[in-house]
């Protein structure tokens, strides 16, 4: 958080300031900027734990996650390549494009599927369950930032294809998160937001 941003707050506790700083420091980072250095299992578990503490109506917990690290990323690549080949993408039959799908998971050390599992019987509108999973994703991205990891929530034709859901035993997949450390010399991208006064009305 910049000094000018900090100056707009008065009497903010150190704990609150840490949360506010983490929120503003989070960035979506291109996979080309990531190292393939492995991430400790305990760090991944802490990030997942942050996810499951997201708000969710009726404590339905409509999320499941599959974690791909190490050689398991090759399995994910095979799944995505198969799904892409079966998709309606204009280059679905291109071996080069399929190979790109196969190789992409190897470019980040951790991939986490974002699976929507709505408990039966359905009690709330589906969008509320989707929103709960999105809240879990935000928690995980913020936790990753706090651990010094770069991350991004990604979606694609292959990731959201029914064959990918079937391979993971998920009713629906709302994309993946990838995690990793920045390569030496890489920095987080700059970002900005529209001023608050242009987005908020005080009634």
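Tabulated data
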| read-out | value |
| --- | --- |
| Filter pass, residue 159 being touching a strand residue (DSSP E or B) at 6+ places or on another chain (Cβ under 7 Å), buried (at least 21 other Cβ atoms within 10 Å of the Cβ) and either part of a loop (DSSP other than H, G, I, E, B) or touching a residue at least 60 places away in the same chain (Cβ under 8 Å) (or both) | yes |
| Criterion (loosely packed, with under 15 Cβ neighbours inside 10 Å, more than 29 Å from residue 172 (Cβ to Cβ) and in contact with a helix residue (DSSP H, G or I) (Cβ under 6 Å, 6 or more places away or on another chain)) met by exactly one of 25, 17 | 25 |
| Residue count for region 115-131, restricted to those that are out of contact with any strand residue (DSSP E or B) (no Cβ under 7 Å at 6 or more places or on another chain) and in a helix (DSSP H, G or I) | 4 |
| Failed condition for residue 144, given (1) over 20 Å from residue 50 (Cα atoms); (2) in contact (Cβ under 8 Å) with a residue 24 or more places away in the chain | (1) |
| In region 75-94, the residues that are under 14 Å from residue 168 (Cα atoms) and under 21 Å from the mean Cα position of the chain (by Cα) | 75, 76, 77, 78, 79, 80, 83 |
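Each value in this text was obtained by applying a stated rule to the coordinates, not by laboratory testing. Computed from a predicted model, the values in this text were never measured in an experiment. Don't worry about glycine lacking a Cβ; one is built from the backbone with ideal geometry, like all the others, and counts go over all protein chains shown.
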